Amino acid sequence: MPATQSIDKHTEFARCFESNKLSPFVAFHWLALAFKDIARAPLLSLIYGLVFTTIPAAIMWLAFEVDSHLVILPAAVAFALIGPAFAAGLYDVAWELEKGHKPTLGHSLKSMFRNPAGEWGFAILLMVIMIVWMRLAALIHALYPNVPNPNFEQLSAFLGLGTLVGGILVVAVFAISAFTPQIMMERRVDIMTAVVSSIHAVRSNAAAMVVWGATIGVLVIVGFLTGTAGFIVIMPLLAYASWHGYIATIKTKKPRKYE
């Protein structure tokens with residue numbers, strides 16, 4: 001008989017965690033819970049809010065200094081890409097509140113290193129996507145009409161391709177990052193397991209994720225319209241709501257209810 005190779009059944013790669021079915025407008029409940037988290041941890045929320053506000057402020061400053069509208073869209077997408085990678089500290093605050101503990105800055109900072117391999121891998125993945133997007137934006141700009149005051153017909157190819165590529169990228173990034181950071185931080189799994197589980201959860205709850213994604217988009221726009229000052233509240237709010245979304249979406253062996 002040929003020798004059989006033993007398999008370690010405890011070693012799994014790219015598993016997929018099951019997800020719950022969500023109601024279409026559940027995102028507003030997550031936001032309500034997030035407001036409660038801000039009220040329970042106002043100082044930590046303010047500290048992280050100030051930190052995250054510097055990112056869009058830098059984007060606005062860059063656009064002003066370069067004096068070109070072309071940097072705004074790639075920079076805004078970069079902000080959307082980089083933001084989730086640095087939200088682990090706020091996830092930890094919400095998680096500590098869920099467990100009935102008093103969150104601290106030191107504990108939340110340590111949480112950023114709970115799964116260093118996964119977190120670094122995720123950050124690199126986001127950076128690669130950001131670089132690809134900026135290269136694609138540069139290529140698409142080649143279609144911009146080389147005439148003063150172009151009309152809509154002359155702009156149609158540029159706008160159509162830009163919208164198509166941008167839309168595909170945004171959907172892909174949202175599906176990848178919706179629950180990946182939370183899964184990696186709490187469960188310490190490999191990056192592929194987290195990414196596959198996040199994509200599966202988004203695909204299984206398309207209506208709820210469309211509402212959640214639109215909510216994120218509206219709040220990000222509000223943040224920029226307030227000269228980035230609104231991000232002091234918006235970023236902690238979105239991070240806490242994302243944690244509650246993770247709790248509600250990704251199944252666990254024991255039901256978790258945190259209201």
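The values are calculated or read from the model by the stated rules, or taken from the named source; none is laboratory data. Quick caveat: nothing in here was measured; it's all calculated off a predicted structure. Positions of Cβ are generated from backbone atoms using ideal geometry, with glycine treated the same way; all protein chains shown enter the neighbour counts. Just the protein is used for accessible areas: all its heavy atoms, side chains included, with ligands, DNA and RNA removed. Shrake-Rupley method; radii C 1.70, N 1.55, O 1.52, S 1.80 Å.
Being small (Gly, Ala, Ser), open to solvent by less than 70 Å² (accessible area, probe 1.4 Å) and at pLDDT 80 or above narrows it down to one residue among ALA94, ALA75; which is it?
ALA94
To keep it simple, each residue is scored yes or no on (1) surrounded by fewer than 18 Cβ atoms within 10 Å (Cβ to Cβ); (2) touching a His at 6+ places or on another chain (Cβ under 7 Å); (3) of a type in the set (Ser, Thr, Tyr).
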{"position": "PRO150", "(1), (2), (3)": "yes, no, no"}
{"position": "LEU161", "(1), (2), (3)": "yes, no, no"}
{"position": "PHE174", "(1), (2), (3)": "no, no, no"}
{"position": "VAL195", "(1), (2), (3)": "no, no, no"}
{"position": "ALA206", "(1), (2), (3)": "yes, no, no"}
{"position": "THR215", "(1), (2), (3)": "yes, no, yes"}
{"position": "VAL218", "(1), (2), (3)": "yes, no, no"}
{"position": "ILE221", "(1), (2), (3)": "yes, no, no"}
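Sort through ALA229, ALA207, ALA175 and tell me the only one that's closer than 20 Å to PHE17 by Cα, at pLDDT below 95 and either out of contact with any Phe, Trp or Tyr (no Cβ under 6 Å at 6 or more places or on another chain) or among the charged types (D, E, K, R) (or both). Working first, answer last.
Numbers: ALA229 fails: closer than 20 Å to PHE17 by Cα; ALA207 fails: at pLDDT below 95.
Going through ALA229, ALA207, ALA175 in turn, the sole match is ALA175.
Quick one: is PHE52 of a type outside the set (Gly, Ala, Ser), modelled with pLDDT under 90, touching an Asp or Glu at 6+ places or on another chain (Cβ under 9 Å) and closer than 25 Å to GLY118 by Cα? Break it down into steps so the answer makes sense when it comes.
Numbers: of a type outside the set (Gly, Ala, Ser): yes; modelled with pLDDT under 90: yes; touching an Asp or Glu at 6+ places or on another chain (Cβ under 9 Å): no; closer than 25 Å to GLY118 by Cα: yes.
Against the criterion (of a type outside the set (Gly, Ala, Ser), modelled with pLDDT under 90, touching an Asp or Glu at 6+ places or on another chain (Cβ under 9 Å) and closer than 25 Å to GLY118 by Cα), PHE52 does not qualify.
When the range 172-195 is examined, which residues are found to be over 17 Å from VAL128 (Cβ atoms) and either among the β-branched types (Val, Ile, Thr) or out of contact with any helix residue (DSSP H, G or I) (no Cβ under 9 Å at 6 or more places or on another chain) (or both)?
Matches in the range 172-195: ILE183, VAL189, THR193.
Could you list, ordered by first residue, the pairs with Cβ atoms under 6 Å in which the first is in the range 47-65 and without any contact (Cβ under 8 Å) to a residue 12 or more places away in the chain and the second is hydrophobic (A, V, I, L, M, F, W, C), at least 6 apart or interchain?
Close Cβ pairs (under 6 Å, with a partner that is hydrophobic (A, V, I, L, M, F, W, C)) do not exist here.
Check ALA41, ALA34 and return the single one that is more than 18 Å from the chain's Cα centre (by Cα) and either at pLDDT 75 or above or among the basic types (Lys, Arg) (or both). Don't jump to the end; show me each part of the working.
On the way: ALA34 fails: more than 18 Å from the chain's Cα centre (by Cα).
Testing whether each residue is more than 18 Å from the chain's Cα centre (by Cα) and either at pLDDT 75 or above or among the basic types (Lys, Arg) (or both) leaves just ALA41.
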